[in-house]
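Input: a single structure, listed below in structure tokens.
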Amino acid sequence: MSPYDAQDPAESIADAQPALVDGFGRAVSYLRMSVTDRCDLRCEYCMAEHMTFLPKAQVLTLDELDRIGSAFIGLGARKLRITGGEPLVRKGVMDLIRRLGRHIKTGALDELTLTTNGTQLAAFADQLVAAGVKRINVSLDTLKPDLFRKLTRGGDLTQVVKGIDAAQAAGLSVKLNAVALKADNAAELPDLIVWAHGRGCDVTLIETMPMGEIEVDRTDQYLSLTALRAEMESYWTLQDLDVRTGGPARYVRVAQTGGRLGFITPLSHNFCESCNRVRLTCTGVLHTCLGRDDACDLRALMRDGATGADLTVAIREAVLGKPKGHDFEIARARPAVARHMSTTGG
Ligand code: SAM
Ligand code: SF4
């Protein structure tokens, strides 16, 4: 039992207050929570090879994560995504997911989901379903074992494919995320899409974003998905779909495979005007824009003894200051934000 169950913020606040809205009138209904900065892989575009991970004391406890997640749900968040780092390597993560799953059961939350690299899915798939998770995103950039090992600096593709098998067998709907990398996987993306669609998985392609210092040159890796989409239209029929998630993805159906394909194009085209999401780092810092340095330290507040009402006021104020849009530009020498994607949670 969480110490917060007695006075569950999701239930005590829900009807009493208006929903979270930012200064531009955008309703914020989606929280992405990073539960760890650690990972069992070291993807080249995400992390430096030798990362210094945070001391445990700086990372939110499971109780603190539950408290913030529940406060957001109390303020009207309808969707919550657990991410990282690799969420499934966080000790006790299933306990947190089960606790947050109570809001699905009460109807306060529409969707509890996670983004994972898939390496631990074989062990966790059944428990995720039991906790109320219905859909997950699995990140997979290539089906070539050697390239996978190179891109992830040591990962085993078989383990991820087994994880996807287990997730689907458990009844989870799986969407694949692939970062488009000009030098590495660009030529292979059509095969990856055909493979995924053949297994009933949607695919979303992501442009590499300039977040955190890494060893490789992002200008070499950057591939415009607007250009890739145009090229795909020379061999596939792409039918626009009217699917809006409030996120940056735009979806098409590939007539030849019957599957759905999304394009996340933060660099070649942004969709900040309809953004409905905010992000919490594993240290409790709330970022209301992935590509800006605005921040509200909820951990400091909680550890200073903030009441539920204090926390609510801080969240409302942070959301009110949500920037109009991000500031990514691939050609700039320095990353747009210093933090890595693994710290903020992708
Ligand atoms: N470890 C989990 C995973 O890989 O799915 C969750 C965290 S990971 C940071 C979330 C997503 O961010 C992954 O799909 C990953 O490919 C993507 N990502 C990481 N760094 C990125 C970058 N610089 N640009 C674009 N996407 C990135
Ligand atoms: Fe780990 Fe995910 Fe980052 Fe890859 S993208 S290093 S799996 S956190």
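Only the coordinates and a few stated rules stand behind these numbers; no lab work does. Since the model is a prediction, treat every value here as computed from it, not as a measurement. Every residue, glycine as well, gets a Cβ built from its backbone with ideal geometry; the counts of neighbours run over all protein chains shown.
Non-local amide H neighbours of Gly284 (under 5 Å, H modeled in plane, Pro and chain starts lacking H): which ones?
Leu60
Using only the Cα atoms, what convex hull volume per residue in Å³ does region 74-218 have?
Given the Cα convex hull of region 74-218, per-residue volume reads 128 Å³.
Count charges around Leu147 for me, please; just the other residues with Cβ under 13 Å from its Cβ, Lys/Arg as +1, Asp/Glu as -1. Write out the running numbers ahead of the final one.
Values: positive: Lys144, Arg149, Lys150, Arg153; negative: Glu44, Asp141, Asp146, Asp156, Asp184, Glu188, Asp191.
Taking every Cβ under 13 Å from that of Leu147, the sum is -3.
With a 10 Å radius around each residue's Cβ, average the other Cβ atoms per peptide and rank 194-205, 41-52, 116-127, highest first. Before the final figure, lay out the partial values.
On the way: 194-205: 18.7, 41-52: 16.9, 116-127: 20.9.
Those peptides, ordered most packed to least, come out 116-127, 194-205, 41-52.
Past 18 Å, Cα to Cα: identify those pairs from Lys79/Lys134; Lys79/Lys105; Lys56/Lys91; Lys162/Lys182; Lys150/Lys182, in the order given. Walk me through the numbers before you get to the answer.
Details: Lys79/Lys134 12 Å; Lys79/Lys105 13 Å; Lys56/Lys91 11 Å; Lys162/Lys182 27 Å; Lys150/Lys182 15 Å.
With Cα atoms farther than 18 Å apart: Lys162/Lys182.
Gln239 to Ala300: extension gain in nm, 0.36 nm per residue of separation minus the Cα-Cα distance? Intermediate results must be reported in sequence, preceding the final value.
Details: separation 61, 0.36 × 61 = 21.96 nm, distance 4.78 nm.
Length gained between Gln239 and Ala300: 17.2 nm.
Say R0 is 45 Å: what FRET efficiency, to the nearest 0.05, do Asp63 and Glu273 get from their beta-carbon distance? If you can, show how the numbers build up before the last one.
Numbers: r = 36 Å, r/R0 = 0.80.
After rounding to 0.05, the efficiency reads 0.80.
Need one number: nm distance between label points at Lys150 and Arg135, each 7 Å from Cα along Cα→Cβ, rounded to one decimal.
So the label points at Lys150 and Arg135 sit 3.4 nm apart.
Under 10 Å from the Cβ of Gly262, count the other residues' Cβ atoms, weight Lys and Arg +1, Asp and Glu -1, and hand me the total. Walk me through the numbers on the way to the answer.
Numbers: positive: Lys175, Arg250, Arg260; negative: Asp202.
Value of the local net charge: +2.
Give a residue-ordered list of calculated ³J(HN,Hα) values for region 80-96 (Karplus: 6.51 cos²θ - 1.76 cosθ + 1.60, θ = phi - 60°; whole Hz; x for Gly, Pro).
9, 10, 8, 8, x, x, 9, x, 7, 8, 6, 4, x, 4, 5, 5, 4
Give me, ordered by chain and number, the residues 5 or more places off Thr142 or on other chains with an amide H under 5 Å from its own placed amide H.
Residues meeting the amide H criterion: none.
Taking the Cα atoms of region 21-99, what is the range of coordinates along each of the three principal axes, in descending order and whole Å?
That gives 41, 29, 19 Å along the principal axes, largest extent first.
Tell me the net charge near Gly118. Cut-off is 11 Å between Cβ atoms, Gly118 excluded, with +1 for each Lys or Arg and -1 for each Asp or Glu. Please list the in-between numbers first.
Values: positive: Lys162; negative: Asp40, Glu86, Asp156, Asp165.
Taking every other residue near Gly118 into account, the sum is -3.
Using label points projected 7 Å from each Cα along Cα→Cβ, tell me how many nm separate Lys182 and Phe53, to one decimal.
In this crude label model, Lys182 to Phe53 measures out at 3.4 nm.
Sequence neighbours fewer than 8 away in the same chain don't count; with that in mind, list the aspartates and glutamates whose C-alpha is under 19 Å from Lys324.
Output for Lys324: Asp22, Glu273, Asp293, Asp294.
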